[in-house]
């Protein structure tokens, strides 16, 4: 199986574990609000891969998934990506 998602550590981590997950093929998916029906598979793969990485990182007590979308959502990179953050107690509301 060809892996469709790339996972790597964030250069400015917001927790002890902060991994970014991105699809290897952009296919016009610059943000979640731009998603179309053809993107359903890759969106599911992003979340499932996040679950696998969380397990690999030992985040058994929980973790946070974040997708920033658009200027008011604080999106700074216009290539859809998922933040996987964990290794500490998360607070609510987040910000």
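Read the figures in this text as sums done on the coordinates, not as results from a lab. Here the structure is a predicted model, which is why all the values come from computation and not from measurement. Neighbour counts run over all protein chains shown; Cβ positions are idealised from the backbone, glycine included.
Extension gain for the segment residue 40 to residue 56, taken as residue separation times 0.36 nm less the Cα-Cα distance, is 3.3 nm to one decimal.
Relative protection proxy for 54-61, 87-94, from highest mean packing down: 54-61, 87-94 (other beta-carbon atoms within 10 angstrom). Starting from the Cα gyration tensor of the chain, take the square roots of the eigenvalues, sort them a ≥ b ≥ c, and report rounded, prolate or oblate (rounded when a/c is under 1.5, otherwise prolate if a/b is larger than b/c, else oblate). It is oblate, given that a/c is not under 1.5 and a/b is not larger than b/c. Going by alpha carbons, how many degrees (0 to 90, nearest 10) lie between the helix axis of 40-56 and the longest principal axis of the chain? Computed tilt is about 20 degrees. With the helix formula -39500 (n - 2.57) applied to DSSP H stretches of n ≥ 4, the chain reaches a computed 222 nm mean residue ellipticity of -6000 deg cm²/dmol.
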